[in-house]
1. Does the stretch 145-157 include one or more residues that are under 14 Å from the mean Cα position of the chain (by Cα), among the small types (Gly, Ala, Ser) and more than 16 Å from ligand 2 (Cβ to nearest atom)?
2. Determine which single condition residue 275 fails, assuming it passes every other condition in (1) buried (at least 17 other Cβ atoms within 10 Å of the Cβ); (2) touching a Pro at 6+ places or on another chain (Cβ under 9 Å).
3. Against the condition out of contact with any helix residue (DSSP H, G or I) (no Cβ under 6 Å at 6 or more places or on another chain), polar (S, T, N, Q) and within 16 Å of ligand 3 (Cβ to nearest atom), how does residue 250 come out, does it pass?
4. Looking only at the stretch 110-129, decide whether some residue is under 21 Å from the mean Cα position of the chain (by Cα), modelled with pLDDT under 95 and aliphatic (A, V, I, L, M).
5. Of the numbered conditions (1) over 21 Å from residue 55 (Cβ atoms); (2) of a type outside the set (Val, Ile, Thr); (3) more than 16 Å from ligand 3 (Cβ to nearest atom), residue 228 fails exactly one; give the number of that condition.
6. From the list 190, 168, which residue is farther than 21 Å from residue 56 by Cα and at pLDDT 95 or above?
7. Considering only residues that are in contact (Cβ under 8 Å) with a residue 60 or more places away in the chain and in contact with a strand residue (DSSP E or B) (Cβ under 9 Å, 6 or more places away or on another chain), which ones fall in the stretch 262-293?
8. Determine whether residue 100 is without any contact (Cβ under 8 Å) to a residue 60 or more places away in the chain and either within 16 Å of ligand 2 (Cβ to nearest atom) or closer than 23 Å to residue 212 by Cβ (or both).
Amino acid sequence: MKCRVCREPAVIEVRRHNAGFCHPCFVKHCRDQVKKTVDAYQMFSENERVLIAVSGGKDSLALWDILMHLGYNVDGLYIGLGIGDYSSESANYTRSFASSRRATLVEVDLPGTYGFDIASGSKAARRAPCSACGLSKRHLFNSEAARGGYDVLATGHNLDDEAAVLLGNVLRWDLAYLGRQHPVLEAGGGFVRKVKPLVRLAERETAAYCVLEGIDYIVEECPMSVGNRHLAYKGVLDDLEESSPGSKASFLFGYLERAAPLVAGVSAAEREALHPCPTCASPTVSEVCAFCKLVERATTKR
Ligand code: AMP
Ligand code: FES
Ligand code: ZN
């Protein structure tokens with residue numbers, strides 16, 4: 001197979017674009033896809049300060065690399081979740097990437113700062129580990145971005161992630177979640193702007209980008225995510241993509257173009273009810289925010 005752009009031998013085939021790419025043209029293709037996404041959704045400009053949430057995995061490290069190459073002003077944020085070797089290894093990959101690029105890395109250690117890890121927190125709050133983890137990460141992403149005066153918080157969610165989340169939301173017809181599922185969530189009500197610049201790249205492509213560009217990342221999945229529903233939705237969509245390339249992209253982008261505007265009002269109404277949490281000042285619709293409740297439960301001796 002030849003590269004679609006320059007006709008040199010291809011190193012990767014991207015079936016949904018019906019194309020092969022050589023190394024330099026693939027790297028350029030990935031950066032172009034991100035640039036196109038940032039511009040199309042008006043995610044941020046060169047003058048704004050971007051904080052990228054970095055897990056040490058392929059997606060967020062590829063995103064950090066790509067945004068630096070595109071000339072954006074980006075720092076990283078790593079959250080230590082206290083998940084044994086998995087957390088210490090992912091921290092090491094993140095730190096070594098940051099130091100190799102002389103990039104700024106902000107670190108928050110959940111056990112060190114808040115007194116609990118994901119295993120003990122989820123047990124005390126009777127939540128699934130991924131639910132306690134997701135809640136903690138979302139809270140810290142926002143509070144750290146606000147504290148550091150960043151204009152925008154970026155995550156490494158890719159096409160596969162977003163299509164799987166969409167499938168889960170559609171299976172439950174969860175209109176509030178659907179209303180919030182967008183590559184850009186504008187700032188407001190105490191939330192900083194949140195963006196997902198990788199939505200046009202599949203998992204396989206971010207992995208190939210890292211391998212080709214010599215970016216080392218943690219390959220293991222989080223040991224606590226075994227059996228979670230999100231992985232089952234990904235499996236279903238992988239089968240569909242295999243027999244019909246382009247299914248994931250048409251599912252996600254068809255939704256964003258045609259159906260998302262119809263449900264946007266549901267989450268806009270929710271935002272009206274936000275007020276600052278009396279304990280931590282983060283926006284919430286409850287009396288005390290869900291993160292402060294989790295901290296309280298996880299650190300109260302029984
Ligand atoms: P996940 O929820 O693990 O699928 O990760 C989705 C995105 O959240 C990643 O692409 C990162 O941008 C961010 N993220 C996940 N884990 C961490 C972490 N420990 N610290 C900072 N950001 C993270
Ligand atoms: Fe959050 Fe695994 S990374 S439970
Ligand atoms: Zn709070």
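1. Within the stretch 145-157 (the criterion being under 14 Å from the mean Cα position of the chain (by Cα), among the small types (Gly, Ala, Ser) and more than 16 Å from ligand 2 (Cβ to nearest atom)), the answer is yes, since at least one residue qualifies.
2. Going through (1) buried (at least 17 other Cβ atoms within 10 Å of the Cβ); (2) touching a Pro at 6+ places or on another chain (Cβ under 9 Å) one by one, residue 275 breaks only (1).
3. Here the answer is no, as residue 250 does not meet what is asked.
4. Yes, the stretch 110-129 has at least one match.
5. Status for residue 228: all satisfied but (1).
6. The unique qualifying residue is 168.
7. Passing the criteria: 267, 271, 274, 276, 282, 283, 289, 290, 291.
8. So residue 100 passes the test.
The values are calculated or read from the model by the stated rules, or taken from the named source; none is laboratory data. Quick caveat: nothing in here was measured; it's all calculated off a predicted structure. Backbone-built Cβ (ideal geometry, glycine too); neighbour counts: all protein chains shown.
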